[in-house]
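Input: one structure, supplied below.
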Amino acid sequence: MKYLIGNHKMNLSEKELKVYFKDLKKVAKNASNYVGVCVPFVYLPLANKMCKCSKIHYGVQNMHYEKQGAFTGEVSANMLKDYNCELVVLGHSERRNLFFETDEMVNKKVLCALENGLTPILCVGETLEQREQKQTNKVLKKQIVSALNGVKKEDLTKMFFAYEPVWAIGTGKSATCEIAKKAIVFIKQTILKLYGLTDENLVVLYGGSLNAKNVNEILSEPEIDGGLIGGASLKVQEFEKLINFKN
Ligand code: PGA
């Protein structure tokens, strides 16, 4: 089984999402893979309503780490739980780069999500410049070590990780299977080492221009546990092809 999770970002209207969930429900019903969708906050009540009694896991793309207070424009874990939210994307490179989220903030969010029984999808990844300067492993290690600060060993399997090279996101230029595999193996080994573990069922997804054309090649690699999918998750007809991936 693979994990296929859509990240809708700031796309689709309520009207479009209603049709989307209706169609996706039918697809997910027969899917043997895990199907998830992360929507903008405002559509969480809709996801809650429409995904009930379906095989679709749903969530959002960010949250704040404080319980409550004077944080204009932010949304807390408790608010998400009011709508039975399950997944929350954390540390996405768009949040880090466009909204100045630091490693420290990402760490607080991961801890808060776990405390509240939400499943964080922790994103890490290097920029093109960092890759060219052979800094990839260093960057990944720093992001992982910092994000997991204070996270208990037993919580590692209550979260998903996503390797998302910044240069592959929304560019149409996905990483090769080899590059993604290498980074994902490094991520898994880094986490195991950090906790003094030899083996654990860690789930590490690949994200970055994954689509119907390259999904078979990339996901056929056993080390890659699934995908976090942006653009190609916006239309059920395309997302369906990823969801139906078979080894
Ligand atoms: P993309 O986005 O599939 O559109 O490249 C992936 C992501 O940002 O999670």
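Quick one: what are the phi-derived ³J(HN,Hα) couplings along region 31-38, Karplus 6.51/-1.76/1.60 with θ = phi - 60°, whole Hz, x for glycine and proline?
Result, rounded to whole Hz: 7, 9, 9, 6, 10, x, 9, 10.
With all protein chains present, how much of the accessible area of region 137-205 (probe radius 1.4 Å) comes from carbon and sulfur, to the nearest whole percent?
For region 137-205, the apolar C and S fraction of the accessible surface comes to 52 percent.
What length, rounded to one decimal in nm, is gained on full extension from F99 through to K158, with 0.36 nm per residue of separation minus their alpha-carbon distance?
18.6 nm
Give me the percent of the accessible area of region 19-59 that comes from carbon and sulfur atoms, probe 1.4 Å, all protein chains in place.
Carbon-and-sulfur percentage of accessible area, whole number: 60.
Would you please state which residues of region 53-71 a label at N84 would reach in this model, taking the label point 7 Å out along Cα→Cβ and a backbone N cut-off of under 17 Å?
Answer for this model: 53-60.
Write down, largest first, the equivalent ellipsoid semi-axes of region 111-221 in whole Å, where each equals the square root of 5 times an eigenvalue of the alpha-carbon gyration tensor.
For region 111-221, the ellipsoid semi-axes come out as 24, 16, 13 Å.
On to the next question. Assuming a strict under-26 Å limit between Cα atoms, what lysine pair count do you get for region 156-247 once near-sequence pairs (fewer than 8 apart, same chain) are dropped?
Total qualifying Lys-Lys pairs in region 156-247 comes to 25.
Same structure, new question: Using heavy-atom solvent-accessible surface (probe 1.4 Å) with all chains present, what is the largest-first order of K22, K213, K193?
Solvent-accessible surface, decreasing: K213, K193, K22.
Sorted by accessible area with a 1.4 angstrom probe, largest first, how do S32, S76, S146 fall?
S32, S146, S76
If you count only protein heavy atoms and use a 1.4 Å probe, how large is the accessible surface of D82, to the nearest 10 Å²?
110
Give me the log10 of I(q) over I(0) for region 1-92 at q = 0.23, 0.24, 0.25, 0.26 Å⁻¹, as the Debye formula computes it from C-alpha points; what are the numbers?
One equal scatterer on each Cα of region 1-92 leads to -1.20, -1.29, -1.36, -1.44.
Right, something else. In Å², and per residue, what accessible area does region 206-247 have when probed at 1.4 Å with the other protein chains present?
Each residue of region 206-247 exposes 45 Å² on average to a 1.4 Å probe.
Then there is this: Please list 1-7, 68-74 highest first by mean number of surrounding beta-carbon atoms within 10 Å per residue.
So the peptides 1-7, 68-74, ranked by packing, come out 1-7, 68-74.
Which semi-axes, in whole Å and largest first, does the equivalent ellipsoid of region 91-174 have when worked out from the alpha carbon gyration tensor as the square roots of 5 times its eigenvalues?
23, 13, 12
To the nearest 10 square angstrom, how much accessible area does E217 have with a 1.4 angstrom probe?
The value for E217 is about 110 Å².
Something else: Hey, what's the per residue convex hull volume over the C-alpha atoms of the chain, in cubic angstrom?
So the per-residue hull volume is 119 Å³.
So, one more: Averaged per residue, what accessible surface does region 1-115 expose to a 1.4 Å probe, in Å²?
52
Note down the nm distance, to one decimal, between modelled labels 7 Å out along Cα→Cβ at Q68 and at K52.
If labels sit at Q68 and K52, their model points lie 2.5 nm apart.
The values are calculated or read from the model by the stated rules, or taken from the named source; none is laboratory data. This structure is a prediction, so every number in the text was calculated from the model and none was measured. Reconstructed Cβ throughout: ideal geometry from the backbone, glycine too, with neighbour counts over all protein chains shown. What goes into the accessible areas is simple: the full protein's heavy atoms, side chains included, and nothing from ligands, DNA or RNA. Shrake-Rupley method; radii C 1.70, N 1.55, O 1.52, S 1.80 Å.
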